[in-house]
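K.L.:
Here it is: the structure, laid out below.
The values are calculated or read from the model by the stated rules, or taken from the named source; none is laboratory data. Quick caveat, the model's predicted, so the values are computed rather than measured. Methodologically, a virtual Cβ is constructed for each residue, glycine included, from the backbone with ideal geometry; neighbour enumeration extends over all protein chains shown. What goes into the accessible areas is simple: the full protein's heavy atoms, side chains included, and nothing from ligands, DNA or RNA. Shrake-Rupley method; radii C 1.70, N 1.55, O 1.52, S 1.80 Å.
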Amino acid sequence: MDDWRLQGQEDYLMDARLYPVTLPDFWLRAYEKKDPFYQKIRSYAENFVETKHRGQEYLDGEKVGRFWHEHCEFCWEKATTDAPGEFYCTGVDGSGYWICKACFEDFQETFRWGVVEDVDV
(Lines give C-alpha, C1' and ligand atoms only; values in the text may rest on other atoms or scores of the structure.)
Protein backbone atom coordinates (compact mmCIF):
# COMPACT_ATOMS: atom_id res chain seq x y z
CA MET A 1 0.00 0.00 0.00
CA ASP A 2 1.40 3.36 -1.05
CA ASP A 3 0.25 5.90 1.55
CA TRP A 4 2.27 8.81 2.96
CA ARG A 5 1.04 7.96 6.47
CA LEU A 6 2.78 4.59 6.51
CA GLN A 7 6.20 5.11 8.03
CA GLY A 8 7.12 1.73 9.52
CA GLN A 9 4.36 1.54 12.14
CA GLU A 10 3.96 -2.18 11.39
CA ASP A 11 7.05 -2.72 13.54
CA TYR A 12 5.12 -1.75 16.67
CA LEU A 13 1.40 -1.65 15.78
CA MET A 14 0.78 -4.90 13.91
CA ASP A 15 -1.84 -7.06 15.69
CA ALA A 16 -2.19 -4.45 18.45
CA ARG A 17 -5.11 -4.37 20.86
CA LEU A 18 -6.65 -0.92 20.83
CA TYR A 19 -8.90 0.83 23.31
CA PRO A 20 -11.45 3.38 22.07
CA VAL A 21 -11.06 6.86 23.54
CA THR A 22 -13.58 9.67 23.23
CA LEU A 23 -12.31 13.08 24.26
CA PRO A 24 -13.01 15.09 26.32
CA ASP A 25 -15.08 12.42 28.15
CA PHE A 26 -12.02 10.24 28.73
CA TRP A 27 -10.24 13.17 30.39
CA LEU A 28 -13.25 14.17 32.48
CA ARG A 29 -13.56 10.62 33.88
CA ALA A 30 -9.81 10.52 34.54
CA TYR A 31 -9.99 13.86 36.34
CA GLU A 32 -12.95 12.75 38.44
CA LYS A 33 -11.34 9.43 39.43
CA LYS A 34 -7.77 10.76 39.65
CA ASP A 35 -6.80 7.64 37.68
CA PRO A 36 -3.40 6.84 36.08
CA PHE A 37 -4.13 9.04 33.02
CA TYR A 38 -4.85 11.98 35.32
CA GLN A 39 -1.75 11.20 37.40
CA LYS A 40 0.41 11.23 34.26
CA ILE A 41 -0.90 14.62 33.20
CA ARG A 42 -0.63 15.96 36.74
CA SER A 43 3.03 14.94 36.70
CA TYR A 44 3.58 16.95 33.50
CA ALA A 45 1.90 19.95 35.09
CA GLU A 46 3.94 19.69 38.27
CA ASN A 47 7.13 19.51 36.22
CA PHE A 48 6.06 22.64 34.32
CA VAL A 49 5.34 24.53 37.53
CA GLU A 50 8.70 23.49 38.98
CA THR A 51 10.91 24.09 35.93
CA LYS A 52 9.21 27.31 34.78
CA HIS A 53 8.77 28.65 38.31
CA ARG A 54 5.06 29.18 37.77
CA GLY A 55 2.40 29.38 40.44
CA GLN A 56 0.28 26.60 41.83
CA GLU A 57 -2.74 27.97 39.96
CA TYR A 58 -1.59 25.79 37.05
CA LEU A 59 -2.40 22.74 39.15
CA ASP A 60 -5.89 23.86 40.19
CA GLY A 61 -8.94 22.08 38.89
CA GLU A 62 -9.23 20.90 35.32
CA LYS A 63 -6.54 23.37 34.16
CA VAL A 64 -4.06 20.57 34.71
CA GLY A 65 -5.40 18.87 31.58
CA ARG A 66 -3.90 21.57 29.38
CA PHE A 67 -0.47 20.03 29.91
CA TRP A 68 -1.11 17.05 27.69
CA HIS A 69 -1.59 16.24 24.05
CA GLU A 70 -0.78 13.36 21.75
CA HIS A 71 -0.72 12.88 18.00
CA CYS A 72 -2.04 10.14 15.74
CA GLU A 73 0.78 7.76 14.84
CA PHE A 74 -0.18 8.06 11.18
CA CYS A 75 -1.47 11.52 10.25
CA TRP A 76 -0.44 13.51 13.35
CA GLU A 77 -3.98 14.66 14.18
CA LYS A 78 -3.76 16.22 17.62
CA ALA A 79 -5.60 14.81 20.64
CA THR A 80 -6.17 17.17 23.56
CA THR A 81 -8.19 17.01 26.75
CA ASP A 82 -10.46 19.91 25.79
CA ALA A 83 -11.28 19.22 22.12
CA PRO A 84 -13.82 16.65 20.95
CA GLY A 85 -12.26 13.70 19.18
CA GLU A 86 -12.41 9.95 18.69
CA PHE A 87 -9.19 7.98 18.95
CA TYR A 88 -7.84 4.54 19.72
CA CYS A 89 -4.95 3.94 22.07
CA THR A 90 -2.71 0.94 22.72
CA GLY A 91 -2.86 1.57 26.47
CA VAL A 92 -6.11 1.24 28.39
CA ASP A 93 -5.01 4.12 30.62
CA GLY A 94 -4.13 6.49 27.76
CA SER A 95 -0.51 5.47 27.64
CA GLY A 96 0.93 4.13 24.44
CA TYR A 97 0.32 4.95 20.81
CA TRP A 98 -2.68 7.00 19.65
CA ILE A 99 -4.55 6.53 16.36
CA CYS A 100 -7.30 8.85 15.11
CA LYS A 101 -10.62 7.42 13.99
CA ALA A 102 -9.98 8.09 10.28
CA CYS A 103 -6.61 6.31 10.29
CA PHE A 104 -8.06 3.49 12.36
CA GLU A 105 -10.75 2.96 9.73
CA ASP A 106 -8.18 3.14 6.91
CA PHE A 107 -5.69 0.71 8.44
CA GLN A 108 -7.68 -1.61 10.74
CA GLU A 109 -7.62 -4.55 8.34
CA THR A 110 -4.02 -3.99 7.19
CA PHE A 111 -2.73 -3.97 10.78
CA ARG A 112 -5.21 -6.61 12.04
CA TRP A 113 -6.17 -4.53 15.06
CA GLY A 114 -8.45 -5.84 17.74
CA VAL A 115 -10.63 -3.43 19.68
CA VAL A 116 -11.19 -3.93 23.40
CA GLU A 117 -14.55 -2.49 24.43
CA ASP A 118 -16.17 -1.92 27.80
CA VAL A 119 -13.05 -1.34 29.83
CA ASP A 120 -13.38 0.74 32.97
CA VAL A 121 -10.06 2.36 33.76
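K.L.:
To the nearest 20 debye, what charge dipole does the range 14-60 have about its Cα centre, counting +1 at the Cβ of each Lys and Arg and -1 at the Cβ of each Asp and Glu? Walk me through the numbers before you get to the answer.
P.N.:
Working: 8 positive and 8 negative charges, 15 e Å.
Here the range 14-60 has a charge dipole of around 80 debye.
K.L.:
Please report, in debye to the nearest 20, how large the charge dipole of the chain is about its Cα centre when each Lys and Arg carries +1 at its beta carbon and each Asp and Glu carries -1 there.
P.N.:
Working: 14 positive and 25 negative charges, 121 e Å.
Charge dipole, the chain, about its Cα centre: 580 debye, nearest 20.
K.L.:
Further question: Which one of 11, 106, 35 has the biggest mean-square fluctuation once the chain is modelled by GNM with Cα springs under 10 Å?
P.N.:
In the Gaussian network model the winner is 11.
K.L.:
Carbon-plus-sulfur fraction of the accessible area of the range 62-121, 1.4 Å probe, in percent?
P.N.:
Working: 1400 of 3290 Å².
Answer for the range 62-121 is 43 percent, counting heavy atoms of protein chains only.
K.L.:
Please compute the per residue accessible area over the chain with all protein chains in place, 1.4 Å probe, rounded to a whole number of Å².
P.N.:
Values: 7320 Å² over 121 residues.
So the chain comes to 60 Å² accessible per residue, rounded to a whole number.
K.L.:
Pick out, from 96, 13, 27, the residue whose Cα sits farthest towards the positive end of the charge dipole of the chain, with +1 on the Cβ of Lys and Arg and -1 on the Cβ of Asp and Glu.
P.N.:
Farthest towards the positive end: 27.
K.L.:
How about the range 41-121: which chymotrypsin sites (Phe, Trp or Tyr not before Pro) there are in a DSSP loop, with at most 13 other Cβ atoms within 10 Å of their Cβ?
P.N.:
Working: sites: 44, 48, 58, 67, 68, 74, 76, 87, 88, 97, 98, 104, 107, 111, 113; in loops: 68, 74, 76, 97, 113.
Taking the range 41-121 and a limit of 13 other Cβ atoms within 10 Å, the loop chymotrypsin sites (Phe, Trp or Tyr not before Pro) found are 76.
K.L.:
Then there's this: Under the rule of -39500 (n - 2.57) per DSSP H run of 4 or more residues, summed and divided by the residues of the chain, what mean residue ellipticity at 222 nm is obtained, to the nearest 500 deg cm²/dmol? Show your work: numbers first, answer last.
P.N.:
Values: 4 runs with 41 residues, N = 121.
One gets -10000 deg cm²/dmol as the mean residue ellipticity at 222 nm.
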